[in-house]
Amino acid sequence: MNLQRFRQDTMADKKNGLDEEAPPQAPEQEKLLEESQTTVVFSKPSPDATNGDAKIDLGTTGLASAGLKKEELLKFANDPFWVRLRWLLFILFWLTWLAMLVGAIYIVVVAPKCPAPEPRIWAEKGQLVSVDVGADANGFEALLDMLPELKEASAAGVLLNNVLKSDANGIVDYGDVNSKLGNLEQFQLLTSKFYDAGVKVILAININHVSKNHKWFNLSLNATGDYADFFLWKKGGTVQSADGTPEPPNNWLSIPSGSAWQYVAARKQFYYHQHGVEQPDLNLRSANLQKELKKILRTWRGQRISGFLFQDASYLTEDENLANELNADNPSDATFTDYAFYQHTNTKNRNENVQILKIFKDELLSEKDDRENKIIFAADVDGTAEEVAKYYGTERPPAVVELPLNRLAKADVSTAESLRASVMKYYKSAGENWPNWFLSQEVANQGLVTALALLPGTFIYQPKSDLQNLNSSDIFETIHKVQHERELPSITYGGLDARVLEESVFAYTRSKSGNPGYMILYNAGPGAKNVSAAGFQGVPNILSVVHQTSDESRLPPKSKVSIDSVPVQEKEAIVLTFVPQKN
């Protein structure tokens, strides 16, 4: 194609009417069209052009002039109206940015936040061992020998029973220890060594009653000074028996048998004993007695004692009006002379019991004590799960009694269903408080210990009485083995979902948002089981084995197992971990 050919084609088009004359345009339109005409530039064919085609450059002229020219833009830019508008928009931008910054700071600093979990106290983080010191002939020496094993087992503390000076009926001196165990100086050395080793000492004490041979009783019997009201003394009825003894003040019975009132001719009054006649009950309403007991508790607290176990805590107070007990709803074969014939709402597990314990708790609490040194109370309570939970008190924190003992009997743990039922009733009754699981060596095994120790709550283990022949190193090894898991968030703060699988496997999960979850399975028997644990919320199909308690297990640590088929040997516990999934 060349210039001459192009001109010829153009002239031909005009002749054929293909290029009709455009209608006339207004002067302004013509000017705009001129400025925006496309310019065609022809150049000679380049050596590499194909087919000898010429190179055509199309350019656009006048497009820039279609908008505002520089002089016109400057004119608008300096116009006072546009200057003010720009400043207004500039100020609005920074004011908006500043408001957003202030809002963000307010949200971070002032807006409500999800509260962090309350740190656990020492008795909640670790596990405890209950020891009957008085049952061993070597006493404090045998207990000191036990310290390395307790330390190795990661025990947080020990509950020491039968330390205070007593006879067959009860305490005879709150300020001294049983001489067959050693002397007071030896006990002070023991508590110091335990304290330095990081194993706290909880001292068992009975403030419900003392032995009749306690000096307080003799002083009270003679109405001597402040001791006159240390015990519950009451006059009898007007009706007298054949020997001239008046009738008891009411129908209250002692637990062994017979009336709970014993007449003393020298004082011409009855004293109250809810247990044996040689075990007179203390009158805990007495301000004089409270003052004396406070002094005793403070003294022991100063001997590196970190807590007290109050024995017979169910019987601390009685109805002040001495109202008769009502008949039980279902007395069975019992008669009016039997303890089981009555309800005992006036003499057992009264709300006033908790108020009395709070008086002593408040006396011992110190602002200097951090959570690792906080004084704690435990209590032996005889009653239902709801009655046991009453001793926590209504304040949280601190609870009046951190450890109202949940003693699990053989019947409670013999089957998977009885274990689940026992765990759930204590767990639910505790509410926001921290439960506990008290297990004796007679009914313990490694699998059951593992299952209980990883529940929400403090695990308390009671070995056999003879400290020289504990025969429980495997249990202590298990206690130590699970301590690592107990310190993890899901075990320390996680919830509980407990079930029974295949009729004999007690299974539950523990999980806390943002942390690995745990599943524990315990086979109460009989026989080995291969169970499906599917159905637990948030549990994936594949889990990882943490550890197991059976030497015959086919699941080594860190191995993977399907949720649909988990082999569990009889009396074995398996601890599994998983990454929680959103359902």
(message) I want the local charge near Glu318. Using Cβ-Cβ distances under 11 Å, sum +1 for each Lys or Arg and -1 for each Asp or Glu among the other residues.
(response) -1
(request) Neighbouring Cβ atoms within 10 Å as the yardstick, rank Thr415, Thr509 fewest first. (result) Thr415, Thr509
(request) Calculate, for Glu387 and Phe536, the FRET efficiency according to 1/(1 + (r/R0)^6) with r their C-beta to C-beta distance and R0 51 Å; round to the nearest 0.05. (result) 0.95
(request) Rank the residues Leu160, Leu405 as a footprinting-exposure proxy: fewest other Cβ atoms within 10 Å of their Cβ go first. (result) Leu405, Leu160
(message) What distance in nm separates the two pseudo spin-label positions at Lys215 and Asp79, each 7 Å out from Cα along the beta-carbon direction?
(response) 10.8 nm
(message) Using a 7 Å offset from the Cα along the Cα-to-Cβ direction at both Trp87 and Asn327, what is the distance between the two label points in nm, to one decimal?
(response) 9.9 nm
(request) Just need the relative contact order of segment 410-583 here, percent rounded to a whole number, with Cα pairs under 8 Å and 6+ apart. (result) 21 percent
(request) Give, as a single signed number, the net charge of other residues whose beta carbon lies under 9 Å from the beta carbon of Glu442, with Lys and Arg counted +1 and Asp and Glu -1. (result) +2
(request) For each of Met100, Met519, count neighbouring Cβ atoms within 10 Å of the residue's Cβ, then give the residues from fewest to most. (result) Met100, Met519
(message) Can you compute 3J(HN,Hα) from phi for each residue in segment 438-455, using the Karplus curve 6.51 cos²θ - 1.76 cosθ + 1.60 with θ = phi - 60°, rounded to whole Hz and x for Gly and Pro?
(response) 9, 10, 8, 5, 4, 10, 8, 8, 4, x, 5, 4, 4, 5, 6, 5, 9, 6
(message) Loop only by DSSP, 12 or fewer other Cβ within 10 Å of the Cβ. Give me the trypsin sites (Lys or Arg not before Pro) in segment 102-173 that pass, ordered by residue number.
(response) Lys113
(request) Would you please give the FRET efficiency between Arg554 and Arg120, computed as 1/(1 + (r/R0)^6) with r the Cβ-Cβ distance and R0 = 35 Å, to the nearest 0.05? (result) 0.50
(request) Can you spot the lysines whose alpha carbon is less than 17 Å from Lys428's alpha carbon? Ignore those fewer than 8 places along the same chain. (result) Lys390
(message) Please compute the modelled spin-label separation between Arg298 and Glu320, points set 7 Å along Cα→Cβ, answer in nm with one decimal.
(response) 2.6 nm
(message) Projecting each Cα onto the charge dipole of segment 410-583 (Lys/Arg +1, Asp/Glu -1 at the beta carbon, about the Cα centre), which of Pro557, Gly517, Ser440 comes out farthest on the positive side?
(response) Gly517
(request) Please tell me which of these pairs span more than 21 angstrom C-alpha to C-alpha: Lys410/Lys464; Lys358/Lys512; Lys212/Lys268; Lys165/Lys212; Lys361/Lys512; Lys125/Lys374? (result) Lys358/Lys512; Lys361/Lys512
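Bear in mind these aren't lab numbers, they're just calculated from the coordinates by the rules spelled out. These numbers come from a predicted model, not from an experiment. Please note: Cβ atoms are built from the backbone with ideal geometry, for glycine as well, and neighbour counts cover all protein chains shown.
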